[in-house]
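Written out below as structure tokens is the structure these notes cover.
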Amino acid sequence: MTSRVLLTGVFLAVCAALLNGQQCPVKPGAQPFQQEVSGPHDHFEWYSAYGADASVGNGNDFERHVRNLGAGLLKYDWTIGRMYNFGLPPGHLDTLCVNYGRANSARGPLYHGRLNESSDTSVWEGEGESSSGRIISRFTFFFVEKTGDPQVDIVLESTFNGEAYSYSVRNIGRAAVRVGWHAFRVNLVENLKTVDSVSVHVVRAKKTPDPPSSSSFEIGARSESAIAEQIKEGEPFEAGHVLSLNVPSTAPPKVILTNLDVGALDGRPLAGAALPILLRSR
């Protein structure tokens, strides 16, 4: 069965999460978009809000979440919300927090369930350039394991100081995962490593077995097996581990969206998000 882009089953901290000027949950700067969806197969809530960041020059913080109010696993693809999850456990909350840009609104469907039902949604999102020279994204999500419902907490940060671009992917949660970071089909970790004069520092977790072959289920233009392969190309992250990259350059920045996909250590795709970063414009 085909689904659209199932982009990030992710959870934004229920309590305030302060990350270098980024803070969520936000104090809404305008009426939040939200709705409780109750149907024969799924019961959940979606939510989107934004608020001015507490630090001058940091723009706005954008908060989104999907809460599973049902009794079974929730599979959803919130393309316009840039979040997806293959199986959000009952009673748990996936959310995303992004510090970036001025506020704009957009509309689009949220696909959910094995039958690929859809609900109309609206989101607040950032646009324009990052005046602070930094974009921070944080997502936390839940997934099912034999040991229970682990929580994963990932932070992606990109900065430009006029002389270099710096990138950091941090696992600040308690669960070990595999992470694939791509722009379209480009492996950003490998691509940034091969740029001339790039300084790379990687904190590696222990190696894990290659992921098994996956089903033909599709997420947008990417099949589940393709996502598994992209995760395989990525980094195994133990709790507390960090991947950091530094690219010397004075070229002005532009903002692009990148896919950060997360899987279990055995390669099973779990969830992901489309997150903005700063990239050299030439």
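The values are calculated or read from the model by the stated rules, or taken from the named source; none is laboratory data. Note that the structure is a prediction, hence the values are computed from the model and not measured. When we count neighbours, we look across all protein chains shown, and the Cβ atoms used for this are built from the backbone with ideal geometry, even at glycine.
Looking at the structure I just gave you, is TYR50 modelled with pLDDT under 95 and either buried (at least 24 other Cβ atoms within 10 Å of the Cβ) or closer than 22 Å to ASN259 by Cβ (or both)? Here the answer is no, as TYR50 does not meet what is asked. When the residues of the range 48-60 are filtered to those that are assigned to a strand (DSSP E or B) and out of contact with any Ser or Thr (no Cβ under 8 Å at 6 or more places or on another chain), the one that is nearest to VAL123 (Cα to Cα) is ALA49. In the range 236-263, the residue that is surrounded by the most Cβ atoms within 10 Å (Cβ to Cβ) out of those that are more than 20 Å from ASN191 (Cα to Cα) and either in contact with a helix residue (DSSP H, G or I) (Cβ under 9 Å, 6 or more places away or on another chain) or charged (D, E, K, R) (or both) is GLY263. Pairs linking a residue in the range 227-248 that is part of a strand (DSSP E or B) to a residue that is acidic (Asp, Glu), with Cβ atoms under 8 Å and 6 or more positions apart or on different chains, are LEU243/GLU235; PRO248/GLU163. Selection within the range 60-79: residues that are touching an Asp or Glu at 6+ places or on another chain (Cβ under 8 Å) and among the hydrophobic types (A, V, I, L, M, F, W, C). The member of this set that is nearest to GLY128 (Cα to Cα) is PHE62. Whether any residue in the range 52-61 is closer than 18 Å to ALA273 by Cβ and among the hydrophobic types (A, V, I, L, M, F, W, C) is what I want to check. Scanning the range 52-61 turns up no residue that is closer than 18 Å to ALA273 by Cβ and among the hydrophobic types (A, V, I, L, M, F, W, C). Limited to the range 70-95, what total is found for residues that are over 21 Å from ARG268 (Cβ atoms) and either in a strand (DSSP E or B) or out of contact with any Pro (no Cβ under 8 Å at 6 or more places or on another chain) (or both)? Looking only at that region, the number is 5.
Being among the polar types (S, T, N, Q), at pLDDT below 95 and more than 25 Å from VAL255 (Cα to Cα) holds for only one residue in ASN20, ASN58, ASN116, and it is ASN116. Would you say LEU74 is under 23 Å from GLU224 (Cβ atoms), touching a His at 6+ places or on another chain (Cβ under 7 Å), at pLDDT 95 or above and not polar (S, T, N, Q)? Answer is yes for this residue. Screening the range 128-168 for residues that are surrounded by fewer than 23 Cβ atoms within 10 Å (Cβ to Cβ) and among the aliphatic types (A, V, I, L, M) and picking the one that is nearest to the chain's Cα centre (by Cα) gives VAL155. If you check THR8 against the conditions, is it under 15 Å from the mean Cα position of the chain (by Cα), at pLDDT below 95, assigned to a loop (DSSP other than H, G, I, E, B) and of a type outside the set (A, V, I, L, M)? So THR8 passes the test. Put simply, of LEU88, LEU74, LEU96 the only residue that is under 18 Å from ASN259 (Cα atoms) and touching a residue at least 24 places away in the same chain (Cβ under 8 Å) is LEU96.
Restricting the range 96-124 to residues that are of a type in the set (Gly, Ala, Ser) and in a strand (DSSP E or B), the residue that is surrounded by the fewest Cβ atoms within 10 Å (Cβ to Cβ) is SER105.
Applying the set (1) at pLDDT below 90; (2) under 19 Å from the mean Cα position of the chain (by Cα); (3) surrounded by 14 or more Cβ atoms within 10 Å (Cβ to Cβ) to ASN191 leaves exactly one unmet item: (2). Given the criteria out of contact with any Gly (no Cβ under 6 Å at 6 or more places or on another chain) and of a type in the set (Ser, Thr, Tyr), does SER105 qualify? Yes; evaluated as a whole, the condition is true for this residue.
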